[in-house]
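*Asks:* Pasting in a structure now, in structure tokens, and then I'll have a few things to ask.
The values are calculated or read from the model by the stated rules, or taken from the named source; none is laboratory data. Quick caveat: nothing in here was measured; it's all calculated off a predicted structure. Cβ placement follows ideal geometry from the backbone for every residue including glycine, while neighbour counts extend to all protein chains displayed. Protein only, heavy atoms only, side chains kept; ligands, DNA and RNA dropped before computing areas. Shrake-Rupley method; radii C 1.70, N 1.55, O 1.52, S 1.80 Å.
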Amino acid sequence: MEICQTIDSFRAVLAEARRTGRTIGLVPTMGNLHAGHASLIDRAAADGHFVAVTIFVNPTQFGPGEDFARYPRTPTEDLELCRGHGAAAVFMPTVDEMYGEKGVTTVSVASLTGGLCGRSRPGHFDGVCTVVAKLFNIAGPEAAYFGQKDAQQCAVIARMIADLNFPIRMVICPTVREADGLALSSRNRYLSPAERQQAPQLYAALKLAASMVPQGTTDANRLAAAIADHLARLAPLGKIEYVEIVNPHSLSPVQQVDRPVLAALAVRFDSARLIDNMRVEPEPSGG
Ligand code: AMP
């Protein structure tokens, strides 16, 4: 496995792989890798690519009061995980390598970033899009792998790929969860024991809403209210930031579940802000 710290050396490794007929599958991450990230690496490898993982805690996607400085950095364990899952190259640049010239160009996907997480994290998705566009231009992958866990990020990047004509196939992989349903996240480690105990209720609330649809509740407001009520009762340590039922592509609110929708939520515990989401399908119409 090749470990690259500079853009030039990473490009050289990928060029060599291409010379031998390989296609590149890119897995962008911020490190502190867990089984969720591993599932993306596995999928890229199963698709037959030369798998390139990037590990970069991107400062431009963190807001002023956010956790950039204390975000967990575990390079040794990360490299071990990459090796174990068949990654062929890992790119772990410094902030200076990525942003040394203090770029003034940013990528902004306007209409998809105002709602959901964008409301409380202004500028976050511009940071994400800009760094992902830079990684796409550095690596030139045939395919790039992202997790459904970050549903708004997926919608935004899909739109950026289409709008900017990146010749890249985006593959969205299912959310990997703990046995109790909590979506794996590098931020779970911030949770206190009491918060950790309540955190699986995010997934339980989403499942509850999904189960109401076949029983005849298709009104989005009622589904959102049921999620909020469940969280208020069973995860009282968390403050609900949003619960929304939206179109999975445009992220606009929907009124009725008459086609597949996305139920998405964010809950702020004292020690960590958690997000989760679930696709909710309407009942297939009979006959
Ligand atoms: P991060 O390191 O948090 O920026 O995540 C890097 C990539 O891994 C993103 O595409 C995430 O959506 C994805 N990811 C994070 N957590 C999970 C999870 N629990 N299941 C699947 N993918 C995940």
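*Asks:* For residues that are of a type outside the set (Gly, Ala, Ser) and part of a helix (DSSP H, G or I), scanning just the range 9-28, find the one that is farthest from the ligand (Cβ to nearest atom).
*Replies:* Arg19
*Asks:* Same structure again: Looking for whichever is at pLDDT 95 or above, of a type outside the set (A, V, I, L, M, F, W, C) and outside any helix (DSSP H, G or I) here; the options are Ser211, Ser271. Which one fits?
*Replies:* Being at pLDDT 95 or above, of a type outside the set (A, V, I, L, M, F, W, C) and outside any helix (DSSP H, G or I) holds for just one of Ser211, Ser271, which is Ser271.
*Asks:* Collect the residues in the range 136-154 that are of a type in the set (A, V, I, L, M) and open to solvent by 10 Å² or more (accessible area, probe 1.4 Å), keeping them in residue-number order.
*Replies:* Of everything in the range 136-154, those that are of a type in the set (A, V, I, L, M) and open to solvent by 10 Å² or more (accessible area, probe 1.4 Å) turn out to be Ile138, Ala151.
*Asks:* Considering the range 34-65 alone, what residues qualify as being within 13 Å of the ligand (Cβ to nearest atom) and among the acidic types (Asp, Glu)?
*Replies:* The answer is Asp42, and nothing else.
*Asks:* How about the range 214-236: which of its residues are outside any helix (DSSP H, G or I) and touching a strand residue (DSSP E or B) at 6+ places or on another chain (Cβ under 9 Å)?
*Replies:* Across the range 214-236, the qualifying residues are Thr218, Asp219, Ala235.
*Asks:* Additional query: Only one residue in Glu2, Glu77 is open to solvent by 30 Å² or more (accessible area, probe 1.4 Å) and either among the basic types (Lys, Arg) or within 15 Å of the ligand (Cβ to nearest atom) (or both). Which one?
*Replies:* Within the list Glu2, Glu77, the selection yields Glu77.
*Asks:* Sticking with this structure for a sec: Taking Phe91 and the conditions (1) in contact with a Cys (Cβ under 8 Å, 6 or more places away or on another chain); (2) surrounded by fewer than 19 Cβ atoms within 10 Å (Cβ to Cβ), which numbered condition does it fall short on, given that it satisfies the others?
*Replies:* So the condition that Phe91 fails would be (2).
*Asks:* Follow-up. Here are some conditions: (1) under 22 Å from Arg169 (Cβ atoms); (2) within 13 Å of the ligand (Cβ to nearest atom); (3) open to solvent by less than 30 Å² (accessible area, probe 1.4 Å). Gly31 meets all but one. Which one does it not meet?
*Replies:* Among (1) under 22 Å from Arg169 (Cβ atoms); (2) within 13 Å of the ligand (Cβ to nearest atom); (3) open to solvent by less than 30 Å² (accessible area, probe 1.4 Å), Gly31 violates only (1).
*Asks:* Would you confirm, using the coordinates I've provided, whether Ile227 is open to solvent by 30 Å² or more (accessible area, probe 1.4 Å), farther than 12 Å from Val280 by Cα, away from the ligand (no atom under 16 Å from the Cβ) and of a type in the set (Val, Ile, Thr)?
*Replies:* Spelling it out, it is not the case that Ile227 is open to solvent by 30 Å² or more (accessible area, probe 1.4 Å), farther than 12 Å from Val280 by Cα, away from the ligand (no atom under 16 Å from the Cβ) and of a type in the set (Val, Ile, Thr).
*Asks:* Within the bounds of the range 163-176, is there any residue that is closer than 30 Å to Gly48 by Cα, open to solvent by 40 Å² or more (accessible area, probe 1.4 Å), more than 16 Å from the ligand (Cβ to nearest atom) and among the aliphatic types (A, V, I, L, M)?
*Replies:* Within the range 163-176, one or more residues are closer than 30 Å to Gly48 by Cα, open to solvent by 40 Å² or more (accessible area, probe 1.4 Å), more than 16 Å from the ligand (Cβ to nearest atom) and among the aliphatic types (A, V, I, L, M).
*Asks:* Still on this model: List every residue pair whose Cβ atoms lie under 7 Å apart, where the two residues are 6 or more positions apart in sequence or sit on different chains, the first residue falls within the range 158-174 and is touching a residue at least 24 places away in the same chain (Cβ under 8 Å), and the second residue, located anywhere, is among the hydroxyl-bearing types (Ser, Thr, Tyr).
*Replies:* Going by the 7 Å Cβ cut-off, the qualifying pairs are Val171/Tyr145; Cys173/Ser39; Cys173/Tyr145.
*Asks:* Based on this model, can you work out whether Arg196 counts as modelled with pLDDT of 95 or more, assigned by TED's automatic domain parsing to the domain that holds Ala266 and part of a helix (DSSP H, G or I)?
*Replies:* Spelling it out, Arg196 is indeed modelled with pLDDT of 95 or more, assigned by TED's automatic domain parsing to the domain that holds Ala266 and part of a helix (DSSP H, G or I).
*Asks:* Right, here's the next one. How many of the residues making up the range 140-157 are touching a residue at least 24 places away in the same chain (Cβ under 8 Å), within 26 Å of Pro260 (Cα to Cα) and either in contact with a strand residue (DSSP E or B) (Cβ under 6 Å, 6 or more places away or on another chain) or not assigned by TED's automatic domain parsing to the domain that holds Gly21 (or both)?
*Replies:* 8
*Asks:* If you don't mind, another one. Can you name every one of the helices (runs of 4 or more DSSP H) wholly within the range 59-139 that holds 1 or more residues which are modelled with pLDDT of 95 or more and not assigned by TED's automatic domain parsing to the domain that holds Thr23?
*Replies:* Of the helices (runs of 4 or more DSSP H) lying wholly inside the range 59-139, none has at least 1 residues that are modelled with pLDDT of 95 or more and not assigned by TED's automatic domain parsing to the domain that holds Thr23.
*Asks:* Looking at (1) aliphatic (A, V, I, L, M); (2) more than 15 Å from the ligand (Cβ to nearest atom); (3) under 30 Å from Arg19 (Cβ atoms); (4) crowded, with 18+ Cβ neighbours inside 10 Å, which is the one condition that is false for Ile157?
*Replies:* Ile157 satisfies every listed condition except (2).
*Asks:* While we're on this one: Which number in (1) open to solvent by 50 Å² or more (accessible area, probe 1.4 Å); (2) closer than 20 Å to His37 by Cα; (3) in contact with a Gly (Cβ under 9 Å, 6 or more places away or on another chain) marks the one condition that Asp180 misses?
*Replies:* (3)
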